[in-house]
Amino acid sequence: MKKILMILAVFSSLTVFGQREYTYNNKGINLFLEGEGAGSREFGIGGIALTVGYQFNPHIFFGGGVATKFGGDRDFKREVREDLGWYDEATKTYHSDYYIDETGTYHAYQSSYYINECGEGGFSDMFMDFFIDFRYNLLATTRYTPYVDIRSGFYAVQDDGSSVFEDVLIGCRFGCGEGDFAITAGAGYTFRRLDYEVLNNQHMFLLRLGVEF
């Protein structure tokens with residue numbers, strides 16, 4: 001019985017601690033150091049991001065940052081439709097009634113689906129993300145607060161040029177102590193345009209964990 005009462009007392013004290021009002025105004029320059037991972041059925045990416053910006057009031061933060069990430073693909077197959085026909089240069093018309101293959105054999109036309117194996121997995125590349133970040137804390141006076149984070153930017157892939165990405169995340173901020181330091185965690189959605197032959201326009205599930213100070 002004593003153990004149960006002790007557990008209830010500890011739980012009650014933690015609840016009061018978590019819900020009591022802050023005695024400071026969260027405002028000024030804030031930094032976020034975060035690790036994140038995102039994935040789809042075809043592709044995965046993860047790394048570390050540093051964001052620096054200004055907390056205008058306990059609700060609104062706006063800043064920018066940079067991240068270093070690594071990505072890799074998985075073993076997968078993709079259906080690709082290939083119309084088998086031929087183009088008549090003399091009449092400038094496309095014929096779909098028959099085609100002749102590379103051996104000179106005549107075939108009745110058909111529309112075929114080929115299963116192309118797109119890689120064996122293990123592909124790895126480094127991404128450098130550059131982004132702007134908008135974060136809104138829904139509550140201002142409690143230690144626990146849900147927040148919404150929107151991130152938009154572009155990234156470079158070694159020497160292969162650059163592309164764009166968009167993140168939308170919903171999370172929870174847990175304030176520690178009486179200062180700006182806090183632990184943040186959230187989940188959301190990210191869209192990343194990949195300029196590869198077999199991987200592009202990746203829609204991925206996103207997880208992010210970090211600290212604010």
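The values are calculated or read from the model by the stated rules, or taken from the named source; none is laboratory data. What you see is a predicted model; the values in this text were computed from it and never measured. Here the Cβ positions follow ideal geometry from the backbone for every residue, glycine too, while neighbour counts run over all protein chains shown.
Annotations for the structure displayed:
- Within the range 48-107, considering residues that are surrounded by 12 or more Cβ atoms within 10 Å (Cβ to Cβ) and of a type in the set (S, T, N, Q), the one modelled with the lowest pLDDT: SER96
- Scanning the range 117-140 for residues that are at pLDDT below 85, of a type outside the set (A, V, I, L, M) and either surrounded by 12 or more Cβ atoms within 10 Å (Cβ to Cβ) or in contact with a Gly (Cβ under 7 Å, 6 or more places away or on another chain) (or both) yields a total of 7.
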